[in-house]
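The values are calculated or read from the model by the stated rules, or taken from the named source; none is laboratory data. Quantities reported herein were computed from a predicted structural model and do not represent experimental measurements. Here the Cβ is made from the backbone with ideal geometry for all residues, glycine too, and neighbour counts use every protein chain on show.
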Amino acid sequence: MNISALGIDLAKNIFSLHGADDHGKTVLRKTVSRAKLLPFLATLPRCKVGMEACSGAHHFARCLQELGFEVQLMAAKFVAPYRKGGKNDGNDAEAICEALTRPNMRFVAIKHEDQQALLSLHRIRESRVSERTALINQLRGLLSEFGLVMPKGRHQAQQLIPRLLEDAENNLPWLVRNLFNDEYQRLLQLNEQLKGYDKQIEQIATQNEDMKRMMTLPGIGAITATALLASIGDIKNFKSGRELAAWLGLVPRQYSTGGKTKLGRITKHGDKYLRTLLIHGTRSVMNVLGDKQDRLSQWLRNVIERRGKKKAAVALAAKHARIIWAMLSRGESYQLKIDPLLVA
């Protein structure tokens, strides 16, 4: 069987396969179960295999690479235009096979197990942070029903809750007092879990040279460095710093036609979590900006004066993405550049 391109539509239990030869003619249409997928593929001639970058894609990509296949992952939105007819597993597999052969198709880098393990840590930590925020907001809302108002901010709220529970003169019913105590204990448990996750992230960051190099850039800590490097993988996947910034969704969206160029808001493509970490980091840089005279600080101060703090934070995040690409591609740490005329 002459197969040059094979598209696989991934699912939970049933997988659809579509194979084509060098001329694009269909030579294989088959549906197999999860248990029989890899044994069946092992019997096929080695070829290019395409899959959508969805749940389980990186696992199967690694397995197929071990079998000798050339594997490419694609975003689902790039595959959809090649689908013919209605949406079903067979048409999806055919569309994946067709998209795989396009010369200008964009592919997703295959992640290693260590990368996915680190990203799993970040995902679980993120869910715990959301759970803690929701718990505090719930307590704030329920306490207001009894005329007790919690202050803004997580730390102040956490300090006030035990005092409210111990105050016997605030007319809180005992049933509610016991319920709130259970919720407060859950809050303390979440804090301990998050401290443990942060320690693990710190340990990982201090053991990796690229992560330590990234943390020399102001506004980049262990959480941002580990999340970025685990998502990026090999920096050679990006040709330039602007390409990395575009991958993170930090470049302006274009509305250009007829020779007229119009730039709008940022595209917000890519991972929202990474983009949020970068922007939060730039806000910390702005908080301690003061009268620093290095070139980056001068540039940031000018952007704040012209555009305001919010747009300046996003602009600095995009600049940080380009700086990170340069640091990783050259193997250098960040160094402040100060104008010699100002020093003199």
If you go through Ala245, Ala225, the only one that is within 18 Å of Gln115 (Cα to Cα) and either outside the structural domain of Leu121 (by TED's automatic domain parsing) or surrounded by fewer than 16 Cβ atoms within 10 Å (Cβ to Cβ) (or both) is Ala225
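Residue check: is Asp234 among the acidic types (Asp, Glu) and at pLDDT 95 or above?
Details: among the acidic types (Asp, Glu): yes; at pLDDT 95 or above: no.
In short, no.
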State which residue is surrounded by the most Cβ atoms within 10 Å (Cβ to Cβ) when the search covers only the range 57-76 and only residues that are under 18 Å from the mean Cα position of the chain (by Cα) and in contact (Cβ under 8 Å) with a residue 40 or more places away in the chain.
-> His58
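Residue by residue through the range 155-175, note down the ones that are surrounded by 15 or more Cβ atoms within 10 Å (Cβ to Cβ) and either part of a helix (DSSP H, G or I) or in contact with a Ser or Thr (Cβ under 9 Å, 6 or more places away or on another chain) (or both).
Step one: of the range 155-175, the residues surrounded by 15 or more Cβ atoms within 10 Å (Cβ to Cβ) are 157-158, 160-161, 164-165, 172.
Result: Ala157, Gln158, Leu160, Ile161, Leu164, Leu165.
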Output for Cβ contacts, cut-off 9 Å, separation at least six or different chains, first residue free of Cβ contacts under 8 Å to residues at least 40 places away in the same chain in the range 138-149, second of a type outside the set (Ser, Thr, Tyr) and surrounded by fewer than 11 Cβ atoms within 10 Å (Cβ to Cβ), reads Arg140/Val149; Leu143/Val149; Phe146/Asn171; Phe146/Pro173; Gly147/Asn171
Return the pairs, sorted by first residue and then second, in which the second residue is assigned to a strand (DSSP E or B) and of a type in the set (Ser, Thr, Tyr), the first residue lies in the range 19-40 and is assigned by TED's automatic domain parsing to the domain that holds Cys63, the beta carbons are less than 7 Å apart, and the residues are 6+ apart or on different chains.
-> Ala20/Thr26; Thr31/Ser16
Looking at Ser284, is it surrounded by 11 or more Cβ atoms within 10 Å (Cβ to Cβ) and part of a helix (DSSP H, G or I)?
-> yes
How many residues of the range 192-213 are farther than 20 Å from Ser120 by Cβ and surrounded by 14 or more Cβ atoms within 10 Å (Cβ to Cβ)? The answer is 2
